[in-house]
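Below: the structure, in structure tokens.
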Amino acid sequence: MPLGFLGLVAFENDWDIFPYASYGLLALQHRGGERQIICGDFKGSLKCMNLNEYESDKNEIKMSFIAATMNGTSGSIEEVQLDGEKIIAISEYERDTLRDLLSEIIKLKDEKVTKLKKLIDEYSEHEVPSFMAITNRNEVIVWRSPNGITPLSIGNYGFDMVLFSSETSAIDVLDCDFRKHLIPGEVAYASPKIFKIFKGKNSKEKGSICLFELLYTARHDSIIDGVPVYDFRKELGKELALNFSHDVDIVVGVPETAYPYAIGFSQAIRKPFELSFIPTAGRMRSMLKASGIERLIAVHLKMNPVKSAMEGKRIALIDDSMVTGSTIKTVSQILRNRVGVEEIHLLIASPKIVSSCPYRIFPLEERNLIASNLEDTNITRYLDVDSLTWLSNESVKKVADKYGISFCDRCFNKNSEVL
């Protein structure tokens, strides 16, 4: 799962910035809620800790911080110290080139921004993941990788503070003014005295965003590189309807990440959309759970059925994606045995996931991918559904072209080139 980046630099020393870290990470917890890490200068010591460890001394954080919400397998934290100077970076994934770059950044003294740009130009020739870094001088450096796999946005509170976030939803939640999306290869440098954005040598106006960002990861209310996520997902739901020929009574979406697709689909086939499942706990990503029992518990916690809405009905069941099939298998059993639906017509609002992620952003192993190992006939039988419909790669490209998006779809298409 792509981790959620958050960073902030205040231009005055009298701001209490802990709440911005706390609530900002809460707005990004859907990107991986198992770990919430915050890095900053605490009583003269630059370090990273779990967010909940700061609760008792939350007024310690001054001027700047970087933070991330992640799962156990996502993200990387690098730390470099030299001659009394220190820098810490949170990145998408581990790379030696990033550590080398940080080692060079820590040596910069005078004319730091000019020299930083030269360094970025040099390292643009290598694979360096997107990252946020903080120094013991309250400097924050934000880099969006030239491949543009994951998004980064900037907001500000007038001339008082600047905010960096993976998604615009965190900027909105913190009542911050959105300013721009960092383009691939672009870098932002912020300190209590300077704020500067510049393009690296290989920067480009449009990169290849991870398709999972638009299909699954981002919140419905976010805008990714200028694309309203909710609208994009509704359009894909309408595309699903073009290849559906069965008669149903209602349309339902599971889990809540599938709602926009289900709404678009229901509008296209002119059948009512019904609220079918109610979550018990906070938002959980069952596809990312390591063990079968964890996934099973996560499914039950986030999906308890509204029996009166579905009993005796022929339903179109929309899910945003299908990895192992374990979630849908559990859902179909609930619908058959506890609810008593008449028919289940399953529609997946993404293409088949057939390959692992070359950037290790998603921990997908090909041997566990249901679409890579079974034919549709066997998948339908295994899931105990009456029909199965996938969104095609062509349909996704059609909608993406409408919004002017380029994307990385390597996990959906083995023939796609690695960026």
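The values are calculated or read from the model by the stated rules, or taken from the named source; none is laboratory data. What you are looking at is a predicted structure, and each value in this text was computed from that prediction instead of being measured. Virtual Cβ from ideal backbone geometry, glycine too; neighbours counted across all protein chains shown. Heads up: the accessible areas ignore ligands, DNA and RNA and are worked out on the full protein's heavy atoms, side chains in. Shrake-Rupley method; radii C 1.70, N 1.55, O 1.52, S 1.80 Å.
Just to be sure before I move on: is residue 178 free of Cβ contacts under 8 Å to residues at least 60 places away in the same chain, farther than 30 Å from residue 391 by Cα and either surrounded by fewer than 22 Cβ atoms within 10 Å (Cβ to Cβ) or among the hydrophobic types (A, V, I, L, M, F, W, C) (or both) in the structure I sent?
Numbers: free of Cβ contacts under 8 Å to residues at least 60 places away in the same chain: yes; farther than 30 Å from residue 391 by Cα: yes; either surrounded by fewer than 22 Cβ atoms within 10 Å (Cβ to Cβ) or among the hydrophobic types (A, V, I, L, M, F, W, C) (or both): yes.
It is true that residue 178 is free of Cβ contacts under 8 Å to residues at least 60 places away in the same chain, farther than 30 Å from residue 391 by Cα and either surrounded by fewer than 22 Cβ atoms within 10 Å (Cβ to Cβ) or among the hydrophobic types (A, V, I, L, M, F, W, C) (or both).
If a residue must be part of a loop (DSSP other than H, G, I, E, B) and not polar (S, T, N, Q), how many such residues does segment 399-419 contain?
So the first thing to find is which residues in segment 399-419 are part of a loop (DSSP other than H, G, I, E, B), and the list is 404-405, 409-419.
Right, trim to not polar (S, T, N, Q) and you get 404-405, 409-412, 414, 417-419.
Total satisfying the criteria: 10.
Applying a threshold of 7 Å to beta carbon distances and a minimum spacing of six or more residues, or different chains, the list of pairs starting in segment 21-41 at a residue that is of a type in the set (Phe, Trp, Tyr) and ending at one that is in a helix (DSSP H, G or I) reads 23/173.
Restricting to segment 354-393, and then to whatever is part of a helix (DSSP H, G or I) and basic (Lys, Arg), can you tell me which residue is farthest from the chain's Cα centre (by Cα)? Before you say what the answer is, go through the steps one by one.
In the first step, residues of segment 354-393 are kept if they are part of a helix (DSSP H, G or I); the result is 366-368, 370-373, 376-383, 393.
Filter once more, so that each one left must be basic (Lys, Arg): 367, 381.
Details: 367: 24, 381: 32 Å.
Going through the qualifying residues, I end up with 381.
State yes or no: is residue 120 in a helix (DSSP H, G or I), modelled with pLDDT of 90 or more, more than 15 Å from residue 28 (Cβ to Cβ) and not polar (S, T, N, Q)? Full working, then the answer.
Details: in a helix (DSSP H, G or I): yes; modelled with pLDDT of 90 or more: yes; more than 15 Å from residue 28 (Cβ to Cβ): yes; not polar (S, T, N, Q): yes.
Yes, satisfied.
Within segment 102-159, the set of residues being in contact (Cβ under 8 Å) with a residue 40 or more places away in the chain and at positive phi comprises 138, 148.
Going by what's in this entry, would residue 164 be described as under 16 Å from the mean Cα position of the chain (by Cα), part of a strand (DSSP E or B), closer than 17 Å to residue 4 by Cβ and not acidic (Asp, Glu)? If you could, list the steps in order and put the result at the bottom.
Details: under 16 Å from the mean Cα position of the chain (by Cα): yes; part of a strand (DSSP E or B): yes; closer than 17 Å to residue 4 by Cβ: yes; not acidic (Asp, Glu): yes.
Taking the combined requirement at face value, the residue satisfies it.
Among the conditions (1) over 20 Å from residue 400 (Cβ atoms); (2) touching a Cys at 6+ places or on another chain (Cβ under 9 Å), residue 150 misses just one, which is (1).
Report whether or not residue 416 is touching an Asp or Glu at 6+ places or on another chain (Cβ under 8 Å), farther than 17 Å from residue 316 by Cα, open to solvent by 20 Å² or more (accessible area, probe 1.4 Å) and among the polar types (S, T, N, Q). Steps first, answer last, please.
On the way: touching an Asp or Glu at 6+ places or on another chain (Cβ under 8 Å): yes; farther than 17 Å from residue 316 by Cα: yes; open to solvent by 20 Å² or more (accessible area, probe 1.4 Å): yes; among the polar types (S, T, N, Q): yes.
Judged against the criteria, residue 416 is a match.
If the condition is being of a type in the set (Lys, Arg) and without any contact (Cβ under 8 Å) to a residue 40 or more places away in the chain, then segment 341-371 contributes only 367. Condition check for residue 47 on (1) part of a strand (DSSP E or B); (2) open to solvent by less than 10 Å² (accessible area, probe 1.4 Å): one failure, at (2). In the condition set (1) farther than 22 Å from residue 17 by Cβ; (2) surrounded by fewer than 17 Cβ atoms within 10 Å (Cβ to Cβ); (3) not polar (S, T, N, Q), residue 79 is compliant with all but (1).
What number of residues within segment 215-241 are open to solvent by 10 Å² or more (accessible area, probe 1.4 Å) and either at pLDDT 95 or above or not in a helix (DSSP H, G or I) (or both)? Talk me through it step by step, then tell me what you get.
First pass over segment 215-241, keeping only residues open to solvent by 10 Å² or more (accessible area, probe 1.4 Å): 216, 219-221, 223, 225-226, 228, 230-231, 234-235, 238-239, 241.
Imposing the further condition that a residue be either at pLDDT 95 or above or not in a helix (DSSP H, G or I) (or both) reduces the set to 219-221, 223, 225-226, 228, 230-231, 234-235, 238-239, 241.
Residues meeting the conditions: 14.
Residue 280 satisfies every condition listed in (1) modelled with pLDDT of 75 or more; (2) out of contact with any Gly (no Cβ under 8 Å at 6 or more places or on another chain) except (1).
Would you mind stating whether residue 145 is small (Gly, Ala, Ser), at pLDDT 90 or above and in a helix (DSSP H, G or I)? First the steps, then the outcome.
Numbers: small (Gly, Ala, Ser): yes; at pLDDT 90 or above: yes; in a helix (DSSP H, G or I): no.
No, not satisfied.
Restricted to segment 294-326, and to residues that are under 13 Å from residue 385 (Cβ atoms) and of a type outside the set (A, V, I, L, M), which residue is modelled with the lowest pLDDT? Talk me through it step by step, then tell me what you get.
Restricting attention to segment 294-326, the residues satisfying the condition of being under 13 Å from residue 385 (Cβ atoms) are 314-319, 322, 325.
From the residues that got through so far, the ones that are of a type outside the set (A, V, I, L, M) too are 314, 319, 325.
Working: 314: 98, 319: 96, 325: 93.
Selected residue: 325.
Just to be sure before I move on: is residue 396 outside any loop (DSSP other than H, G, I, E, B), more than 27 Å from residue 91 (Cβ to Cβ) and at pLDDT 95 or above in the structure I sent? Yes.
Considering only residues in segment 330-349 that are touching a Phe, Trp or Tyr at 6+ places or on another chain (Cβ under 9 Å) and modelled with pLDDT under 95, the one that is surrounded by the most Cβ atoms within 10 Å (Cβ to Cβ) turns out to be 331.
Out of segment 311-322, which residues are open to solvent by less than 20 Å² (accessible area, probe 1.4 Å) and either part of a loop (DSSP other than H, G, I, E, B) or not assigned by the TED database to the domain that holds residue 243 (or both)?
Here is the first cut: in segment 311-322, the ones open to solvent by less than 20 Å² (accessible area, probe 1.4 Å) are 315-322.
Selection gives 320, 321, 322.
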